[in-house]
Amino acid sequence: MSEEKQNKFAFIRKMGPLLGLLLLGLTLTILSDRFLTVNNLLNVTRQISINAIISVGMTLVILTGGIDLSVGSIVALTGSITAGLLVGGQSIFLAILVGMLVGVTLGLCNGLLITRGRIPPFIATLGIMTAARGFTLVYTEGRPITGMGEGFRFLGGGYIGGIPVPVIIMIIIFIATYIMLKKTRLGRYIYAIGGNEEAARLSGINTKKILLSVYALGGLLAGFSGIIMASRLNSAQPTAGISFELDAIAAVVLGGTSFAGGGGTIGGTLIGAFIIGILDNGLNL
């Protein structure tokens, strides 16, 4: 392939998701006069915030050449445990902390199975997905948990300066992850492992430690999303998060991240999440 064709391919890969999002937005603006309104755009952004936060963790995982199928079940389990603690009289801070620790722990289990157990990511995370869903059903006895109090609802349903709190959280997480990938050693190592894990290991990178950190972050973000979802609905459903892993993977891939690992951006993932959210919203309109 000539250098000119390579440059064109790189440009299309980089700008394609953004052009697709703009074209989709233009089409829906023409088809519906309700699409391009402040209320509707805020609603779309709030709706995609949970998937977008999960997709950040999924981006890190896919950049290393892996996959995480357990995020949907982690959403359900962390939301249920947090809600159960709140209903049981625990403080909001403690309930959220425990919920996030559950998410990190499940992410670490994924990482340990992959790095120490040498189990392929697809199989390892599929096993954790099934186990976490089972734990959720046992913990909730198959019933929703409700009545968590108004203070907790602010996290998922409150506003700051007219902007939904989940949207503000999403923006902060994306900015922090962008800085981490572009400006830190961990970010460079993630790309290196995705490009060639064996070469990264031979160059002195502790690939097992990096992979463990990536899956732990993925579990943490999925767990936090589960807490936000429970707060927004004021209810923790044992069936929550079903197929969320597919939505997250779709957002990452639509954003231009390579399934083979080593290539992609966190900004592209945000665009991919918006494409999915705007498409859903447009079809509803």
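Any read-out appearing in this document is the output of simple, stated calculations on the displayed coordinates, not a laboratory observation. For clarity, every value in this text was computed on a predicted model and none was experimentally measured. Counting neighbours? That spans all protein chains shown, and the Cβs are built from the backbone with ideal geometry, glycine included.
The table below lists the values:
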{"quantity": "Selection count where residues are surrounded by 15 or more Cβ atoms within 10 Å (Cβ to Cβ) and not hydrophobic (A, V, I, L, M, F, W, C), scope the stretch 191-200", "calculated": "4"}
{"quantity": "Scope the stretch 23-34; condition farther than 19 Å from Val253 by Cβ and in a helix (DSSP H, G or I); matching residues", "calculated": "Gly25, Leu26, Thr27, Leu28, Thr29, Ile30, Leu31"}
{"quantity": "The stretch 223-268, residues that are over 11 Å from the mean Cα position of the chain (by Cα), within 19 Å of Arg133 (Cα to Cα) and of a type outside the set (Ser, Thr, Tyr)", "calculated": "Ile227, Ile228, Met229, Ala230, Ala236, Gln237, Pro238, Ala240, Gly241, Ile242"}
{"quantity": "Extreme residue, surrounded by the most Cβ atoms within 10 Å (Cβ to Cβ), among residues of the stretch 144-190 that are over 16 Å from Thr82 (Cβ atoms) and charged (D, E, K, R)", "calculated": "Arg188"}
{"quantity": "Complete set of residues in the stretch 131-178 that are out of contact with any strand residue (DSSP E or B) (no Cβ under 8 Å at 6 or more places or on another chain), farther than 13 Å from Ala52 by Cβ and in a strand (DSSP E or B)", "calculated": "Tyr159, Ile160, Ile163"}
{"quantity": "Failed item in (1) closer than 19 Å to Val56 by Cα; (2) surrounded by fewer than 21 Cβ atoms within 10 Å (Cβ to Cβ), with Leu221 passing the rest", "calculated": "(2)"}
{"quantity": "Residues of the stretch 229-265 classified as of a type in the set (A, V, I, L, M) and within 16 Å of Gly66 (Cα to Cα), total", "calculated": "8"}
{"quantity": "Counted residues, the stretch 229-243 - those being assigned to a helix (DSSP H, G or I) and surrounded by 23 or more Cβ atoms within 10 Å (Cβ to Cβ)", "calculated": "3"}
{"quantity": "Matching residues in the stretch 70-101 - criterion: being hydrophobic (A, V, I, L, M, F, W, C) and surrounded by fewer than 24 Cβ atoms within 10 Å (Cβ to Cβ)", "calculated": "Leu85, Val87, Ile92, Phe93, Leu94, Ala95, Ile96, Leu97, Val98, Met100, Leu101"}
{"quantity": "Yes/no for Gly263 being crowded, with 19+ Cβ neighbours inside 10 Å and in a loop (DSSP other than H, G, I, E, B)", "calculated": "no"}
{"quantity": "Unmet criterion (only one of (1) hydrophobic (A, V, I, L, M, F, W, C); (2) surrounded by fewer than 24 Cβ atoms within 10 Å (Cβ to Cβ); (3) touching a residue at least 60 places away in the same chain (Cβ under 8 Å)) for Ile205", "calculated": "(3)"}
{"quantity": "Selection count where residues are surrounded by 17 or more Cβ atoms within 10 Å (Cβ to Cβ) and basic (Lys, Arg), scope the stretch 102-141", "calculated": "1"}
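Matching residues to (1) in contact (Cβ under 8 Å) with a residue 60 or more places away in the chain; (2) farther than 30 Å from Gly262 by Cβ:
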| residue | (1), (2) |
| --- | --- |
| Ile123 | no, no |
| Phe135 | no, yes |
| Ile145 | yes, yes |
| Pro164 | yes, yes |
| Ile169 | yes, no |
| Leu181 | yes, no |
| Gly219 | yes, no |
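Here's the yes/no breakdown for (1) in a loop (DSSP other than H, G, I, E, B); (2) touching a Leu at 6+ places or on another chain (Cβ under 7 Å):
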site	(1), (2)
Ile48	no, no
Ser55	no, no
Ser73	no, no
Gly84	no, no
Gly89	yes, no
Met100	no, yes
Cys109	no, no
Met129	no, yes
